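A.B. asks: Here you go, one structure.
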Amino acid sequence: MITSSELEQRRSPAALREFVVRLKAAVNANEFERHCGHLKKGLYKQFLDEIIPLSRFAILAYPENYEVQPVLGNQGYDALVFDELGAEVDRVEITTPHDGTAEAKDAKLVVSQGIGSVSVYNPGDEITVLFPHVIKTCLKKALNDYSNCTLVVAIAPSPPFEITSHMEQYDKQITTLASEISKIRFKAKRVFLLVLPDRLVNIQG
């Protein structure tokens, strides 16, 4: 159901997002594929950790007449970006800091029992839990040379309820996290914090 040739096609930002939504729906409708996705087997790891956030970032960062091409592998970037004339204008490196051990355990529970563990947080606390993972990942990324790349740090906390005090606390934690990341000097053309689904914070460049 998921192939490298399909993942690496050039698409406009909207077409890339449409492809991601369509593939997610197809996977969710197939139990075997859904379980592979939960466990991040094969290409599902790249799809979940790189291409899904890339599809959100592309819509926020590039015009619709540009094309984005995901690139699988360990070449130091996850996507190439081309302008309306077909010239390469950017390279994108996506990083998704998370608690890998906890997520792996939870995925196994979902596959075996149909439901994972349940965590309850006060507004903003879920982002606080991510802090050490984000900073650790960013410090590691800062050692690499991404001078010809846009580096995107993507996180996916659950959005708060539409209550003013909750939203304010959530926004405050995002601002604090962005401020902490901005203290790190990256060798990158640009650095963004992407708070999925659609909040983009400029960190550097």
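The values are calculated or read from the model by the stated rules, or taken from the named source; none is laboratory data. Treat the numbers as computed from the prediction; the structure is a model and nothing was measured. Cβ: placed from backbone, ideal geometry, glycine included. Neighbour counts: every protein chain shown.
A.B. asks: Please go through (1) basic (Lys, Arg); (2) crowded, with 16+ Cβ neighbours inside 10 Å; (3) at pLDDT below 95 for Arg17 and return the number of the only condition it doesn't satisfy.
C.D. replies: (3)
A.B. asks: On to the next question. Given the options Ile184, Ile174, Ile203, name the one that is crowded, with 17+ Cβ neighbours inside 10 Å, closer than 26 Å to Glu50 by Cβ, modelled with pLDDT of 95 or more and not charged (D, E, K, R).
C.D. replies: Ile203
A.B. asks: Have a look at Val27, Val20 and point out the one that is in contact with a Cys (Cβ under 9 Å, 6 or more places away or on another chain) and either part of a helix (DSSP H, G or I) or free of Cβ contacts under 8 Å to residues at least 24 places away in the same chain (or both).
C.D. replies: Every option except Val27 fails the conditions.
A.B. asks: State the number of residues belonging to segment 4-14 that are under 17 Å from the mean Cα position of the chain (by Cα) and surrounded by fewer than 13 Cβ atoms within 10 Å (Cβ to Cβ).
C.D. replies: We begin by selecting, within segment 4-14, every residue under 17 Å from the mean Cα position of the chain (by Cα); these are 7-8, 13-14.
If we keep only those that are surrounded by fewer than 13 Cβ atoms within 10 Å (Cβ to Cβ) too, we end up with 14.
Final tally of qualifying residues: 1.
A.B. asks: A further question follows. Hey, can you tell me all the residues within segment 140-167 that are assigned to a helix (DSSP H, G or I), modelled with pLDDT of 95 or more and either surrounded by 12 or more Cβ atoms within 10 Å (Cβ to Cβ) or among the hydroxyl-bearing types (Ser, Thr, Tyr) (or both)? Give the steps one after another, and end with the answer.
C.D. replies: Step one: list which residues in segment 140-167 are assigned to a helix (DSSP H, G or I), which gives 140-141, 164-167.
Now restrict to residues that are modelled with pLDDT of 95 or more: 140-141.
Lys141, the sole residue that qualifies.
A.B. asks: Go through segment 82-97 residue by residue and tally those that are in a strand (DSSP E or B) and either aromatic (Phe, Trp, Tyr) or modelled with pLDDT under 95 (or both).
C.D. replies: Adding up the residues that qualify gives 1.
A.B. asks: Same structure, new question: With the requirement that a residue be acidic (Asp, Glu), outside any strand (DSSP E or B) and surrounded by 15 or more Cβ atoms within 10 Å (Cβ to Cβ), what does segment 48-81 give you? Walk me through it before giving the result.
C.D. replies: Taking segment 48-81 and keeping what is acidic (Asp, Glu), we get 49-50, 64, 67, 78.
Keeping just the survivors that are outside any strand (DSSP E or B) gives 49-50, 64, 78.
Selection gives Asp49, Glu50, Asp78.
A.B. asks: Then there is this: List pairs: first in segment 77-92 and touching a residue at least 12 places away in the same chain (Cβ under 8 Å), second in a loop (DSSP other than H, G, I, E, B) and surrounded by fewer than 14 Cβ atoms within 10 Å (Cβ to Cβ), Cβ under 8 Å, 6+ apart or cross-chain?
C.D. replies: Asp83/Asn65; Glu84/Pro63; Glu84/Asn65
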